[in-house]
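One structure below.
The values are calculated or read from the model by the stated rules, or taken from the named source; none is laboratory data. Just so it is clear, the model here is predicted, and its values are computed rather than measured. In this analysis, Cβ positions are derived from the backbone assuming ideal geometry, glycine residues included, and neighbour counts consider all displayed protein chains. Please note that ligands, DNA and RNA were not included when accessible areas were found on the heavy atoms of the full protein model with its side chains. Shrake-Rupley method; radii C 1.70, N 1.55, O 1.52, S 1.80 Å.
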Amino acid sequence: MSYVLGHNQYGKAEVHAVRVYRDGGREAEHEIVDYNVSVAHQGDFEDAHVTGDQAKVLTTDATKNTVNAFMKEHGDEAREPEGLALALARHFVDTVPQITSCRVNVEAFPWERAHGTPHGFVRNKDYVRTVTVTKTPDAEYVVSGLKDLTVLKTTDSEFHGFYEDKYTTLKPTKDRIMATDVKAQWLHNGTDVDWGKSFSTVLDAVTSSFANAYSYALQQTIWDMGTAVLDAADSVSEIRFSCPNNHHFVIDLSPFGLENEFEVHHADDRPYGLIEATIQRDESSSNSKAFDPGQAW
Ligand SMILES: O=c1[nH]c(=O)c2[nH]c(=O)[nH]c2[nH]1
């Protein structure tokens, strides 16, 4: 029997590196970045699988070492996760001949200065910033993102007029809590971007449109958030959302002789509706190869 090796990729996952910027010395004001970096290589690696010859395999250990070294050697670029990811992807593709494509994923954990002190920080767990950089033989893609951004609004959310079949039991509502954990990834149309400023612009557009836009469904809120991002951030060509509908059910308090006008809720954790959508500038501005997950880029 003869078989064919299909898509394959390899690398080091979850290199968790924290860099302290202490340029002014020990007592000066420090800054930190906290990154969880995953690197995947594609290229001429058939022998490693099929014959066992590892001559072309850059070890995953060397891949990890490169990430750690770049936190120092490319310290300025590493101040933003997109900068580090671009430097790494370019390095692997440009200097290791058998690597033809490289994908670098970064989770960036935000820390904020504690009480204005020079060396104390508090982890901001409001969200995790994400980056996926993909370098192929003929293109570079930078996808920025965020996840675990938990948001809730206590009204200005309705859901009714939906399709009903014999299994439909949900009651239409003109008032409800809407809550979700926003996960979003957005593709930039180039690499000449002020990454930090762009991230803040997108975060602000997402949270303000979630809070302000009247909602007839989470689907519509996703559309509103996406269009707000495209309005606010010129470099973004498309944005993809994956948002659970974190259901809050009004509890029947009538057995206790109590009225409950959308006040006391049961916050259910599962199952949850999962609403996903891409909002793009026009029909042709989408590029699936740039996004993670996705193996054969
Ligand atoms: O905003 C919503 N979208 C849905 O598709 C849906 N389905 C459901 O049961 N509740 C909701 N809410």
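Key figures for this structure:
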item: Given (1) more than 16 Å from the ligand (Cβ to nearest atom); (2) open to solvent by less than 40 Å² (accessible area, probe 1.4 Å); (3) over 30 Å from Glu46 (Cα atoms); (4) of a type in the set (A, V, I, L, M, F, W, C), number of the condition Leu84 does not satisfy; result: (3)
item: Flag for Thr201 being within 16 Å of the ligand (Cβ to nearest atom) and either open to solvent by 40 Å² or more (accessible area, probe 1.4 Å) or hydroxyl-bearing (Ser, Thr, Tyr) (or both); result: no
item: Thr155 vs. criteria within 13 Å of the ligand (Cβ to nearest atom), open to solvent by 30 Å² or more (accessible area, probe 1.4 Å) and in a loop (DSSP other than H, G, I, E, B); result: no
item: Any hit, segment 163-179, residues being assigned by TED's automatic domain parsing to the domain that holds Ala290, away from the ligand (no atom under 16 Å from the Cβ) and either closer than 28 Å to Cys102 by Cβ or in contact with a helix residue (DSSP H, G or I) (Cβ under 9 Å, 6 or more places away or on another chain) (or both); result: no
item: Given (1) without any contact (Cβ under 8 Å) to a residue 12 or more places away in the chain; (2) over 18 Å from Val182 (Cα atoms), number of the condition Ser285 does not satisfy; result: (1)
item: Count of segment 123-152 residues which are open to solvent by 40 Å² or more (accessible area, probe 1.4 Å) and in contact with an Asp or Glu (Cβ under 7 Å, 6 or more places away or on another chain); result: 2
